[in-house]
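Heads up, the thing below is written out as structure tokens.
The values are calculated or read from the model by the stated rules, or taken from the named source; none is laboratory data. These numbers come from a predicted model, not from an experiment. Using ideal geometry, Cβ is built from the backbone for each residue, glycine included, and neighbour counts are taken over all protein chains shown. For the accessible areas, the whole protein counts, side chains as well, though only heavy atoms, and no ligand, DNA or RNA atoms are used. Shrake-Rupley method; radii C 1.70, N 1.55, O 1.52, S 1.80 Å.
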Amino acid sequence: AAIGFCFGGRQVMWLGTAVTGLDAIVQFYGGTIDDPAQFGNLRTNGPMLGIFGEDDTILPTTDVRAFEALLQSEGLSHTFYYYPGVGHGFANEMDAIAQPGPAQDAWQVTLDFLAEQLN
């Protein structure tokens, strides 16, 4: 599996297009692809989990929803979560994950997803 946050989230998405053998890809507010010709090995790797803040001004939700629709239309397995009231980087701080709220929920979603995909 590969997991990344922000720039790292974008990189794991692109890693999924380039390599084979990934059972899961997790990107926290990482990036999007707007051309299915670039999906490459995303078609054969495990599913993608995407975690996004609805108030992200760096990676607008409209772009993410277009990416999600493209993944859906191409039949690629994915699950995207959109957290209201938070922006880019909302889960970057470890103390944010330790407190009840969107970051803690997103981290638990990630752990559950990885447990399911890697067992």
TODO: Answer yes or no as to whether Tyr81 is touching a Cys at 6+ places or on another chain (Cβ under 7 Å) and either under 17 Å from Gly8 (Cα atoms) or touching a residue at least 24 places away in the same chain (Cβ under 8 Å) (or both).
DONE: no
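Taking strands (runs of 3 or more DSSP E) that do not extend beyond region 1-99, which have at least 1 residues that are open to solvent by 50 Å² or more (accessible area, probe 1.4 Å) and under 18 Å from Val109 (Cβ atoms)?
It comes to 2-5, 78-83.
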Task: Among (1) at pLDDT below 95; (2) farther than 22 Å from Leu22 by Cβ; (3) within 13 Å of the chain's Cα centre (by Cα) - the single one Ala91 does not satisfy - done: (2)
